[in-house]
Each structure stands twice: as C-alpha cells, then as structure tokens.
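Bear in mind these aren't lab numbers, they're just calculated from the coordinates by the rules spelled out. The model shown is predicted, which means the values in this text are computed figures rather than measured ones. For neighbour counting, all protein chains shown are included, and Cβ atoms are generated from backbone atoms with ideal geometry for every residue, glycine included.
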Amino acid sequence: MIYFDQVSKEYSPTSIALEDVNLGIAPKEFVSVVGQSGAGKTTLVKMLLGEEKPTSGKVFFESLDIHNLLPEDLHQVRRRIGAIFQDFRLLPSKTVYENIAFAMESAGITDEEIEADVSQVLDLVGLGSRINHFPGELSGGEKQRVAIARAIVMRPDVIIADEPTGNLDPINTKEIIALLRKINEFGSTVILTTHNKDVINGLKKRVVTMERGRIIRDDKEGRYML
C-alpha cells in the first residue's frame, strides 16, 4: 500500500532529515517507527501526508506518487489518511461534536450521516457523554480520544499516530494504544511514531528503528533497541 523509494530530505547541507529511506508498509499492518528526537520520524510521516517534499526519491500510496499529484488529487488521498498528533490539534471554540463533524461537513456529508457517525465513533472511544463539551473541559487523555475519533470518522485506510501519547500519563497511554490496536483490528493500517519503550515492547508488532535520518533496523516483531 505504502512505499518510500530511496527518499532523502535535506533542509540544508548540514541538516539532513532523511537519507536514502526505503520502506514498504502493507495494508492492515501495524508499524511502529522509533528513534530519538531528530531521527526523522515526523519528517517521514509528513512525506506521506504531502506536507513535506523529498529532495530525492518518491513516496507511493498504492500506485500514486504522492508528490506528483495535482492538489485536488492529493486532497482525495489525504481523505484516506487519518492523522493523530501529540498536541491534539482540536479547535478550542468548537464542541467535541463540532470538532469531529468539521471535516465531514467539508466533504459534503449530510447532517443525518454526520450525526450517526459522530455518535458511533464517540461511543467507540468511550466519550459519548462528552459530546457537547469543549476541549478546555476535557483531560489530556479525553482530548486525544476526541482526536482519534476525528481521525477515524471518515473510515480511513491509514491512521498516522505521531507521538500520540507524548503528553499523557501511563494509564492514558495504555488506553490510547489499546484504541489504536482496535482500529487496526477493524482493518486500518496504523503507523505509530514514538520513543516510548514500554509501548513498543508491549505491542509486539513490527518496529522500524531510525537514527539520523536512516533506517537502521526493521524487525517483524521488534522491541525498543536504542
């Protein structure tokens, strides 16, 4: 489904984010990308979202070269990718319902479908009772669950979770990872970036280890080895 073909990214001669990265990810895989800060993890996922362009190499989503698409075609690909971030990226002036419905409204989905789907995903993440709350009224773990609900409501083929537990305590971290497992079991490919050793060792899934912009290990059922 996803393939990075000899991808490099240089911001300057002395700032190399990615160097000759080759990486394939199959449909319905759960892949963790690990490494210290500055290893290139976030740059890698931004390439897939089309938010960063490679200096050389290509990034494919199925047969599509992400960085050779027209803007409207890239937009269609992005609809098939849900993204979750460490800082939640919720709209503070909108309720939980409105935060999730926002992207659906932009896609032209009917109010009836939005209402049904938002209620369904909020029940899935355990926040049905928080539907009319604002982000400022939620805990960190609840905010991240809203972000997950927003990411999955359009039933994406791929979920990118970029350090989703970085600001959370161990209990909330465990709950968020359990949700990502469940989403993967439902059929979505999950790409998780993290430097949390306990998360990686508990998952027992494929682990891609990065260091200074390069992939140095790719283990089918790996552990945190840095």
Based only on Cα atoms, what mean projected area does the convex hull of the range 98-171 have, in nm²? 5.4 nm²
Could you compute the net charge surrounding Val207? Neighbours are other residues with a C-beta less than 10 Å from the C-beta of Val207; K and R count +1, D and E count -1. +3
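My understanding is that a pair violates if its Cα-Cα distance is over 22 Å; which of Lys41/Lys220; Lys46/Lys94; Lys174/Lys197 do that in this structure?
In this structure, Lys46/Lys94 exceed 22 Å between Cα atoms.
Which net charge results when you count Lys and Arg as +1 and Asp and Glu as -1 among the other residues whose beta-carbon is under 12 Å from that of Asn132?
Value of the local net charge: 0.
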Volume per residue that the Cα convex hull of the range 1-128 spans, once the total is divided by residue count, Å³: 154 Å³
Subtracting the Cα-Cα distance from 0.36 nm times the residue separation, let me have the gained length for Leu70 to Thr55 in nm, one decimal. 3.5 nm
Label selected from (i) 1.06; (ii) 1.01; (iii) 1.12, the criterion being Cα Rg over 2.2 N^0.38 Å as computed here: (ii)
Radius 13 Å from Cβ of Leu168, net charge of other residues (Lys, Arg +1; Asp, Glu -1): -3
Among all stretches of the chain without exposed GluC sites (Glu not before Pro) (DSSP loop, at most 14 other Cβ atoms within 10 Å), which one is longest? 63-220
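For n ≥ 4 DSSP H runs only, could you compute -39500 (n - 2.57) per run for the chain, divide by its residues and tell me the 222 nm figure to the nearest 500?
Theoretical 222 nm ellipticity from helices: -10500 deg cm²/dmol.
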